[in-house]
1. Please work out which one of (1) more than 27 Å from Y38 (Cβ to Cβ); (2) touching an Asp or Glu at 6+ places or on another chain (Cβ under 9 Å); (3) not polar (S, T, N, Q) is the condition K83 fails and give its number.
2. With (1) in contact with a helix residue (DSSP H, G or I) (Cβ under 7 Å, 6 or more places away or on another chain); (2) modelled with pLDDT of 80 or more; (3) closer than 19 Å to F251 by Cα as the list, and S315 as the residue in question, which single condition is left unmet?
3. Do we have S242 as of a type in the set (G, A, S) and closer than 18 Å to F223 by Cβ here?
4. If I ask for residues that are closer than 23 Å to S31 by Cα and either surrounded by 14 or more Cβ atoms within 10 Å (Cβ to Cβ) or free of Cβ contacts under 8 Å to residues at least 24 places away in the same chain (or both), which ones from the stretch 103-121 would you list?
5. How do the helices (runs of 4 or more DSSP H) wholly within the stretch 1-53 filter down when requiring 2 or more residues that are over 30 Å from K135 (Cα atoms): which remain?
6. Looking at C309, C294, C316, which is the one that is out of contact with any strand residue (DSSP E or B) (no Cβ under 8 Å at 6 or more places or on another chain), buried (at least 24 other Cβ atoms within 10 Å of the Cβ) and of a type outside the set (F, W, Y)?
7. Being among the small types (G, A, S) and at pLDDT below 85 is true for just one of S120, S98, S78. Which residue is that?
8. Please verify whether the stretch 82-101 includes one or more residues that are more than 30 Å from L222 (Cα to Cα) and either out of contact with any His (no Cβ under 6 Å at 6 or more places or on another chain) or β-branched (V, I, T) (or both).
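The values are calculated or read from the model by the stated rules, or taken from the named source; none is laboratory data. Because the structure is a prediction, the values reported are computed rather than measured. Every residue, glycine as well, gets a Cβ built from its backbone with ideal geometry; the counts of neighbours run over all protein chains shown.
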Amino acid sequence: MAAFLGYSISAVFLLPIPDIIGRKPSLISMSLVSIVTYFLFMFAQSLIQIYLLACVTGGTILVRMTVAYIYALETVSSETQKKIVPCLIITEKLTIISIPIIMCITKSWLAIIIPFCCISIFATAFIFFVPESQKFLCNKNQARAKEEQTSSTGRMFDRQVAETTINGDKDQPQFMNNFKDCSKLLNLLIMICSWSFTSAGYYLVCYNVKYFEGSVYTNSILFGVAGLIGVILFSILINLISSKKLLISSFFLTLFGSVGYSATLQYPSLVPIWILFMVGSFSIQFSLCYYLNCELFQPAFRTRVYSICNFCSRSCSILSPLLSETLSNPIILISACSILMLLLSLNLTPKPNYRSYS
């Protein structure tokens, strides 16, 4: 809960900043904060200290992951992005799988914190030698040039004509102006719903791991493997079908898994299979949410879109444990939301904007 609180706070106040100051300064500052929190974790003595550090760590991780992901996609061509996305997410899944393995062997959090701290130090040093995102700089330069052009036009010609020219510019990189287009606003709403459903549904399903027989470490590893399989399927299918069709298909897979779960509750041996099936489908949706955000929205306000989506998704995720304990069969809620998302995703209108800023 402390980490989710950090996610939500960071999504509101910190995640929009990289659209203003740039990707590189944001990565460096958040990485330095992460290194400090990892050091403090080693010397934490009370539960309150651990909660506070978990909140800060959650916030910094969200910014680092999101900005690093956007930066990686902005440095490659649109064709290469479909190859880069699976590599990034597979790396994340392998890290998630490694955590319960290390904990099972060592039974100590220091065995996780110390390597993370060392990796953060190395990554921070590496970032200093990496240039700023060229697409971000190009987008900022275009915005500055348009502001100067608008100012001079207003002095030379009639102000009403100048305002008409500004409002008619479809590439005007203003956050609110961009969503005056109903199709773009609908895309944003669909992505918010997709992020919220995927995150809340995933944690609602994962919360059931405590009811499984066997070691919690083994079950966590199985969850990680199911998620890894989902990412591998995503990496294959994203090159074969459109992102919209894949998103619709992933919601159908979640619906299929949730219905299968509810239909076989009287057979306990089958329940874990359906749970792992849903984890795999949610993993595909997570990958698509990250990919579609970069495909649908301009570099000038990508992190702000991620900010909105992350805040909504993490806020919904906080309710997952409560729903899991309150409802007799919370998976029915996933079935109903899957149907809703299936219908909603049919209205998605993919119109890649990043190509005009390459």
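1. The failed condition is (2).
2. Only one criterion is unmet by S315, namely (3).
3. Criteria not met by S242.
4. Of everything in the stretch 103-121, those that are closer than 23 Å to S31 by Cα and either surrounded by 14 or more Cβ atoms within 10 Å (Cβ to Cβ) or free of Cβ contacts under 8 Å to residues at least 24 places away in the same chain (or both) turn out to be W109, A111, I112, I113, I114, P115, F116, C117, C118, I119, S120, I121.
5. 2-13, 23-42
6. It is C309.
7. The match here is S78.
8. No; the residues of the stretch 82-101 include none that is more than 30 Å from L222 (Cα to Cα) and either out of contact with any His (no Cβ under 6 Å at 6 or more places or on another chain) or β-branched (V, I, T) (or both).
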